[in-house]
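So the structure is just underneath, and the comments pick up after that.
Only the coordinates and a few stated rules stand behind these numbers; no lab work does. Bear in mind the structure is a predicted one, so any value in this text is a computation, not a measurement. Methodologically, a virtual Cβ is constructed for each residue, glycine included, from the backbone with ideal geometry; neighbour enumeration extends over all protein chains shown.
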Amino acid sequence: MNRESQAQWTANILGSGQSCPEGLTTWNGSDPKMRFAIYRNNVMVSLIDALADSYPVVQALVGEAFFQAMAREFIKGHPPSTPVLVWYGSEFSNFISSFPPASGVPYLADVARLEWMRIESWHAADASPLSHETLATWLSDETTLEQTRFVLHPSLHTFNSQYPVASLWSAHQDETD
């Protein structure tokens, strides 16, 4: 299947108003349009579920129905770029910040950013932490210290928010988490 065909197939699957691809047949004689609609629905539900798995606090804050509607709109404009669904949804927080129906929950995009950072942290590359001995050596030599550039561990992220997103996130965690 060439890129143009793949793009058309994706548009047909993700666009709720798109029709069944031309020339689609079934082996058992069933209606291809009906079967394609079922496939389209399964893809959409799977992508919504993947977003809900990545953004459980966002879903808890707005409710399942609103989250599903918002996710559906996101999916239409942001198809997955990889078959690994754990990496799907990295742009969701940006989408939320420009999604008019979510404007009544101004902290929602920042909560989504925090949730995505947790995913990135969980899957970050392993790296050895700076040892106490190395740090002590650098601190004792002013020349070395001046030339040293510290880099955060790959699992660490920082971001600023005017909202108490850590408290919001924490309030939606089980005692066992």
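A few notes on this one:
- Some residue of the range 89-98 being over 13 Å from the mean Cα position of the chain (by Cα) and not aliphatic (A, V, I, L, M): yes
- Considering only residues in the range 26-54 that are of a type in the set (Gly, Ala, Ser) and in contact with a helix residue (DSSP H, G or I) (Cβ under 7 Å, 6 or more places away or on another chain), the one that is nearest to Leu114 (Cα to Cα) turns out to be Ser54.
- Among the residues of the range 121-177, the ones that are in a loop (DSSP other than H, G, I, E, B) and either basic (Lys, Arg) or under 18 Å from Ser54 (Cβ atoms) (or both) come to 10 in all.
Yes/no matrix, rows are residues, columns are (1) in a helix (DSSP H, G or I); (2) of a type outside the set (D, E, K, R):
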position: Ile13; (1), (2): yes, yes
position: Pro21; (1), (2): no, yes
position: Leu24; (1), (2): no, yes
position: Arg40; (1), (2): yes, no
position: Leu47; (1), (2): yes, yes
position: Leu51; (1), (2): yes, yes
position: Gln68; (1), (2): yes, yes
position: Ala112; (1), (2): yes, yes
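- Condition check for Leu135: surrounded by 15 or more Cβ atoms within 10 Å (Cβ to Cβ) and of a type in the set (A, V, I, L, M, F, W, C): no
- Scanning the range 12-65 for residues that are surrounded by 15 or more Cβ atoms within 10 Å (Cβ to Cβ), of a type in the set (Val, Ile, Thr) and free of Cβ contacts under 8 Å to residues at least 12 places away in the same chain returns no hits.
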